[in-house]
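Undergrad: There's a structure below that I have some questions on.
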């Protein structure tokens with residue numbers, strides 16, 4: 001094991017390159033999660049649509065994502081997309097979005113269905129349409145309930161973005177392994193990159209916690 | 001009591017799977033009538049009420065609202081429901097919205113009236129139900145009786161012609177029942193047409209113009225409260241009432 005003072009020294013010597021990697025990690029995570037939320041909502045609606053074909057499509061999608069390793073999905077997106085002239089960044093972002101979308105779909109489906117059916121009835125009894133009641137009454141409540149598991153999924157998404165290293169994207173994990181190999185000092189760089197990830201996970205938890213608190217005024 | 005017909009129900013039938021819940025139900029509600037539906041659990045009274053604003057869709061028979069027969073297939077039910085307010089046993093307030101937001105939600109987003117106008121009207125309604133000081137409070141901070149009074153105000157905000165009440169006091173602690181019944185009584189005195197599913201025989205006796213006793217999905221007996229409570233014609237009504245009092 002490297003000594004603590006050595007790790008700290010290297011940490012401060014290399015922060016500029018790690019910060020660049022961190023920025024890329026954050027970007028690819030943020031973009032993929034944003035897309036995944038829309039994908040998730042879309043498939044959650046398919047699943048609760050009551051239309052058998054649509055439910056089947058959603059189930060097939062979720063089954064595919066759950067049934068194959070993320071690294072395989074990212075490689076398929078990467079090699080599939082190179083023909084379309086799409087950058088490594090976007091193939092990773094879309095691969096991660098495709099992957100997280102399935103889990104987020106299940107989160108939204110669960111929380112939408114957990115809202116008391118009296119809420120829909122109350123909306124309808126006031127003359128609100130099904131869509132309007134969904135948008136104004138059900139979804140805000142479902143989204144609030146979804147926040148803790150969504151936060152979890154964001155954290156998983158962040159950590160999974162390290163797989164982008166395998167298609168050569170120079171994000172956090174790639175920075176660490178490259179530097180470690182060059183300096184014959186793998187352990188030091190792995191410990192350092194772990195600290196960066198811990199910080200990012202803390203950041204996400206704090207942000208989600210803040211949002212939860214803000215939305216809890218009605219409790 | 002000889003106002004125009006607000007609701008006519010003719011030969012209404014409704015089943016849930018194999019369970020035949022409403023059997024050839026006929027009922028007429030005239031303007032400003034207060035009709036109380038009484039009967040044991042499972043007698044079909046709540047289902048009948050829910051058919052009246054199409055939360056349940058009838059299997060066959062006719063539902064005529066203010067002279068027009070309404071069918072789920074040919075009518076915009078969202079429009080029909082605006083004329084028929086409903087109050088639920090479990091209040092069903094929107095928990096993520098405060099009291100005033102609950103009340104203005106439908107007027108603003110369904111009727112499209114301005115927010116300021118909706119708030120003005122909502123405040124009047126809150127005053128009427130005795131909750132003028134609660135407009136910024138969230139439902140979780142209200143007692144059951146207060147929640148139900150907000151729910152009544154929310155339904156009234158759409159200016160309905162008819163109000164349906166589905167066991168409005170059944171989920172309340174006993175000491176809170178009175179305030180809700182008082183609000184309903186006031187509404188009845190103002191001439192609101194009301195159909196009330198209730199176990200509160202005192203309310204039915206005092207406020208109802210007509211009491212309808214249901215059993216096994218059928219209407220067994222209809223009469224003025226004094227007739228039903230003092231001198232029921234049907235044996236089954238007598239039996240039910242003797243168990244209730």
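Undergrad: Answer yes or no as to whether residue B:192 is more than 23 Å from residue A:117 (Cα to Cα), out of contact with any helix residue (DSSP H, G or I) (no Cβ under 6 Å at 6 or more places or on another chain) and touching a residue at least 40 places away in the same chain (Cβ under 8 Å).
TA: Against the criterion (more than 23 Å from residue A:117 (Cα to Cα), out of contact with any helix residue (DSSP H, G or I) (no Cβ under 6 Å at 6 or more places or on another chain) and touching a residue at least 40 places away in the same chain (Cβ under 8 Å)), residue B:192 qualifies.
Undergrad: Could you list, ordered by first residue, the pairs with Cβ atoms under 6 Å in which the first is in segment B:106-126 and over 15 Å from residue B:154 (Cβ atoms) and the second is assigned to a helix (DSSP H, G or I), at least 6 apart or interchain?
TA: Once the first residue is over 15 Å from residue B:154 (Cβ atoms) and sits in segment B:106-126, its partners that are assigned to a helix (DSSP H, G or I) give B:115/B:108.
Undergrad: Considering segment A:189-219 alone, what residues qualify as being in contact (Cβ under 8 Å) with a residue 60 or more places away in the chain and either surrounded by 17 or more Cβ atoms within 10 Å (Cβ to Cβ) or within 20 Å of residue A:19 (Cα to Cα) (or both)?
TA: A:189, A:191, A:192, A:193, A:195, A:196, A:200, A:208
Undergrad: Related question: Test of understanding: among A:39, A:35, A:17, which residue is out of contact with any strand residue (DSSP E or B) (no Cβ under 8 Å at 6 or more places or on another chain), touching a residue at least 24 places away in the same chain (Cβ under 8 Å) and closer than 16 Å to residue A:161 by Cβ?
TA: Numbers: A:39 fails: closer than 16 Å to residue A:161 by Cβ; A:17 fails: closer than 16 Å to residue A:161 by Cβ.
Within the list A:39, A:35, A:17, the selection yields A:35.
Undergrad: Could you tell me which numbered condition residue A:144 fails, if it satisfies all but one of (1) farther than 30 Å from residue B:152 by Cα; (2) within 14 Å of another protein chain (Cβ to nearest Cβ)?
TA: Every listed condition holds for residue A:144 apart from (1).
Undergrad: Any chance you could count how many residues in segment A:168-182 are surrounded by fewer than 19 Cβ atoms within 10 Å (Cβ to Cβ) and touching a residue at least 24 places away in the same chain (Cβ under 8 Å)?
TA: 2
Rundown of residues vs (1) within 14 Å of another protein chain (Cβ to nearest Cβ); (2) out of contact with any strand residue (DSSP E or B) (no Cβ under 9 Å at 6 or more places or on another chain); (3) modelled with pLDDT of 95 or more, yes/no style:
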| site | (1), (2), (3) |
| --- | --- |
| A:138 | yes, yes, yes |
| A:149 | no, yes, yes |
| A:155 | no, yes, yes |
| A:164 | no, yes, no |
| A:168 | no, yes, no |
| A:174 | no, yes, no |
| A:180 | no, yes, no |
| A:185 | no, yes, no |
| A:194 | no, yes, yes |
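Undergrad: Please determine, by comparing only the residues of segment A:71-125 that are surrounded by 15 or more Cβ atoms within 10 Å (Cβ to Cβ) and outside any helix (DSSP H, G or I), which one is farthest from the other protein chains (Cβ to nearest Cβ).
TA: A:86
Undergrad: Now a separate question. Does residue B:97 fit the bill of being facing chain A (nearest Cβ under 10 Å), farther than 30 Å from residue B:68 by Cα and either out of contact with any strand residue (DSSP E or B) (no Cβ under 7 Å at 6 or more places or on another chain) or surrounded by fewer than 22 Cβ atoms within 10 Å (Cβ to Cβ) (or both)?
TA: Values: facing chain A (nearest Cβ under 10 Å): yes; farther than 30 Å from residue B:68 by Cα: yes; either out of contact with any strand residue (DSSP E or B) (no Cβ under 7 Å at 6 or more places or on another chain) or surrounded by fewer than 22 Cβ atoms within 10 Å (Cβ to Cβ) (or both): yes.
For residue B:97, the condition - facing chain A (nearest Cβ under 10 Å), farther than 30 Å from residue B:68 by Cα and either out of contact with any strand residue (DSSP E or B) (no Cβ under 7 Å at 6 or more places or on another chain) or surrounded by fewer than 22 Cβ atoms within 10 Å (Cβ to Cβ) (or both) - is met.
Undergrad: I'd like the full set of residues that are within 20 Å of residue B:13 (Cβ to Cβ) and either out of contact with any strand residue (DSSP E or B) (no Cβ under 7 Å at 6 or more places or on another chain) or assigned to a strand (DSSP E or B) (or both), limited to segment B:199-220. I'd like the intermediate steps shown before the answer.
TA: Residues of segment B:199-220 that are within 20 Å of residue B:13 (Cβ to Cβ), as a first pass: B:212-220.
Matches in segment B:199-220: B:212, B:213, B:214, B:215, B:216, B:218, B:219, B:220.
Undergrad: I would also like to ask the following. Which is closer than 21 Å to residue B:187 by Cβ and surrounded by fewer than 17 Cβ atoms within 10 Å (Cβ to Cβ), of B:128, B:83, B:141, B:134?
TA: Values: B:128 fails: surrounded by fewer than 17 Cβ atoms within 10 Å (Cβ to Cβ); B:141 fails: closer than 21 Å to residue B:187 by Cβ; B:134 fails: surrounded by fewer than 17 Cβ atoms within 10 Å (Cβ to Cβ).
Being closer than 21 Å to residue B:187 by Cβ and surrounded by fewer than 17 Cβ atoms within 10 Å (Cβ to Cβ) holds for just one of B:128, B:83, B:141, B:134, which is B:83.
Undergrad: Hey, another quick one. How many of the residues making up segment B:21-50 are at pLDDT 95 or above and exposed (fewer than 15 other Cβ atoms within 10 Å of the Cβ)?
TA: 2
Undergrad: Next up: Any residue at all in segment B:62-74 that's within 13 Å of chain A (Cβ to nearest Cβ), surrounded by fewer than 21 Cβ atoms within 10 Å (Cβ to Cβ) and over 16 Å from residue B:51 (Cβ atoms)?
TA: Step one: list which residues in segment B:62-74 are within 13 Å of chain A (Cβ to nearest Cβ), which gives B:72.
Filter again for surrounded by fewer than 21 Cβ atoms within 10 Å (Cβ to Cβ), leaving B:72.
Those left that are additionally over 16 Å from residue B:51 (Cβ atoms): none.
No - not one qualifying residue is present in segment B:62-74.
Undergrad: Spot the failing condition for residue A:218; the list is (1) at pLDDT 95 or above; (2) under 30 Å from residue B:164 (Cβ atoms), and only one is missed.
TA: Answer for residue A:218: the failing condition is (1).
The values are calculated or read from the model by the stated rules, or taken from the named source; none is laboratory data. For clarity, every value in this text was computed on a predicted model and none was experimentally measured. Cβ coordinates were reconstructed from backbone atoms using ideal geometry, including for glycine residues, and neighbour counts include every protein chain displayed.
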